Amino acid sequence: QVQLVESGGGLEQAGGSLRLSCAASGLTFSSCAMGWFRQAPGKEREFVATITPRGVYTYYADSVKGRFTISRDNAKNTVYLQMNSLKPEDTAIYYCAANYGATSYAPREYDYWGQGTQVTVSS
């Protein structure tokens, strides 16, 4: 069965950095667009970043553009989210998602989801 397992979350001070990883299994990773989403308490899940199957194109939410970088290693079936210049408003549970279709900003377009990893940024 398909599994997406996120890791790398934790507590960080504002201005610091974290690197999230998402290891995928049970799917043809190199055929999947991959996305990162986040959900803060009391808020809807929101788009953070997405990357095309071969890693040629990346897209970001305006709120993270210039601070976060999505990347992937198809040999390791892993997608990453490098988060720099963290802000308290980045605090959320971060989820990775896989989609055999095109990249999308919409959570409903993704076929598979991980369990999430908590990121907390203190001021």
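The values are calculated or read from the model by the stated rules, or taken from the named source; none is laboratory data. Keep in mind that what you see is a predicted model, and the values were worked out from it rather than measured. We place every Cβ from the backbone using ideal geometry, glycine too, and count neighbours over all the protein chains shown. Just so you know, the surface numbers come from the protein's heavy atoms only, side chains and all, with ligands and any DNA or RNA stripped out. Shrake-Rupley method; radii C 1.70, N 1.55, O 1.52, S 1.80 Å.
The condition (being touching a Gly at 6+ places or on another chain (Cβ under 9 Å) and among the polar types (S, T, N, Q)) is satisfied by just one residue among Ser85, Ser30: Ser85.
Checking the conditions here, which among Ser122, Ser85 is in contact with an Asp or Glu (Cβ under 9 Å, 6 or more places away or on another chain) and surrounded by fewer than 15 Cβ atoms within 10 Å (Cβ to Cβ)?
Going through Ser122, Ser85 in turn, the sole match is Ser122.
Across the stretch 1-30, the number of residues qualifying as touching a Pro at 6+ places or on another chain (Cβ under 9 Å) and surrounded by 13 or more Cβ atoms within 10 Å (Cβ to Cβ) comes to 2.
Going by the conditions given, is Asp90 open to solvent by less than 50 Å² (accessible area, probe 1.4 Å), of a type outside the set (Gly, Ala, Ser) and free of Cβ contacts under 8 Å to residues at least 60 places away in the same chain? Yes: the conditions hold for Asp90.
Please state which one of Ala75, Ala106, Ala98 is open to solvent by less than 10 Å² (accessible area, probe 1.4 Å) and among the aliphatic types (A, V, I, L, M). Walk me through it before giving the result.
Values: Ala75 fails: open to solvent by less than 10 Å² (accessible area, probe 1.4 Å); Ala106 fails: open to solvent by less than 10 Å² (accessible area, probe 1.4 Å).
Exactly one residue qualifies, and that residue is Ala98.
For the stretch 40-72, filtered to residues that are touching a residue at least 24 places away in the same chain (Cβ under 8 Å) and polar (S, T, N, Q), the residue that is surrounded by the most Cβ atoms within 10 Å (Cβ to Cβ) is Thr50.
Looking at this structure, is Gly26 touching a strand residue (DSSP E or B) at 6+ places or on another chain (Cβ under 7 Å) and of a type outside the set (Val, Ile, Thr)?
Values: touching a strand residue (DSSP E or B) at 6+ places or on another chain (Cβ under 7 Å): yes; of a type outside the set (Val, Ile, Thr): yes.
The answer is yes for Gly26.
Taking every residue in the stretch 95-123 that is small (Gly, Ala, Ser) and pairing it with any residue that is part of a loop (DSSP other than H, G, I, E, B) and surrounded by fewer than 15 Cβ atoms within 10 Å (Cβ to Cβ), at least 6 positions away or on another chain, the pairs with Cβ-Cβ distances below 7 Å are Ala98/Asp111; Ser122/Ala14; Ser123/Ala14.
In the stretch 41-52, how many are under 14 Å from the mean Cα position of the chain (by Cα) and not β-branched (Val, Ile, Thr)? Full working, then the answer.
Initially, the stretch 41-52 is screened for residues under 14 Å from the mean Cα position of the chain (by Cα), giving 45-52.
Filter once more, so that each one left must be not β-branched (Val, Ile, Thr): 45-47, 49.
Matching residues across the stretch 41-52 total 4.
Does the stretch 39-52 contain any residue that is in a loop (DSSP other than H, G, I, E, B) and closer than 14 Å to Ala102 by Cα? Within the stretch 39-52 (the criterion being in a loop (DSSP other than H, G, I, E, B) and closer than 14 Å to Ala102 by Cα), the answer is yes, since at least one residue qualifies.
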